[in-house]
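Let me begin by presenting the structure, written as structure tokens, before commenting on it.
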Amino acid sequence: MNGWLTILLLVVSNVFMTFAWYGHLKLQEMKVIHASTPLIVVILISWGIALLEYCFMVPANRIGYAANGGAFTLPQLKVIQEAVALIIFGIFTVVFFKGESLHWNHLAAFGCLVAAVYFVFME
């Protein structure tokens, strides 16, 4: 059960992470903030969002880590997190940035990451 909870927490965490890292670009595109907005303001906004990311990421790793009774080793946790991050980023890019598109090489890279998940779980 805590394996699924870990993955759910990683998904929520990565949604916040993606918005913290790239959301300001969309806000700029929507004219909510401007290119002239001081970088420190953008950083502080991103840190506020990233705090929410950490509120989900830290429990995900703590609950999911095998040494704490979780379902995953440390390398497995990291590879799962990276796979989730790319899935969330791909969705974010296609949904929120209509001018951006995913190409065959992006999908090939994602396929390599799926292979990495497979290999990290091999006994």
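Descriptive notes on the structure:
- Using just its DSSP H runs of length 4 or more, each adding -39500 (n - 2.57), the chain gives a mean residue ellipticity at 222 nm of -27000 deg cm²/dmol after division by all residues.
- Working from Cα pairs under 8 Å separated by at least six residues, relative contact order for the chain is 31 percent.
- Unit charges at the beta carbon, dipole of the chain: most positive-side option, LEU102, MET30, ASN68: MET30
- Annotation: aspartates and glutamates with alpha-carbon distance below 17 angstrom to LYS98 (same-chain offsets under eight excluded): GLU29.
- Kirkwood-based shape ratio for the chain, expressed as Rg/Rh from alpha carbons: 1.04
- Scoring 7-18, 37-48 by mean Cβ neighbours within 10 Å over their residues and listing the highest first yields 7-18, 37-48.
- Sorting the segments 26-34, 88-96 by their residues' average number of neighbouring beta-carbon atoms within 10 angstrom, most packed first, yields 88-96, 26-34.
- Euclidean distance between Cα centres, the stretch 10-51 to the stretch 79-123, Å: 21
- Computing FRET efficiency as 1/(1 + (r/R0)^6) for ILE91 and PHE119, where r is the C-beta to C-beta distance and R0 is 22 Å, gives about 0.35.
Bear in mind that the values in this text are calculations on the coordinates, not laboratory data. Just so we're clear, the structure is a prediction, and the values are computed from it rather than from any experiment. Methodologically, a virtual Cβ is constructed for each residue, glycine included, from the backbone with ideal geometry; neighbour enumeration extends over all protein chains shown.
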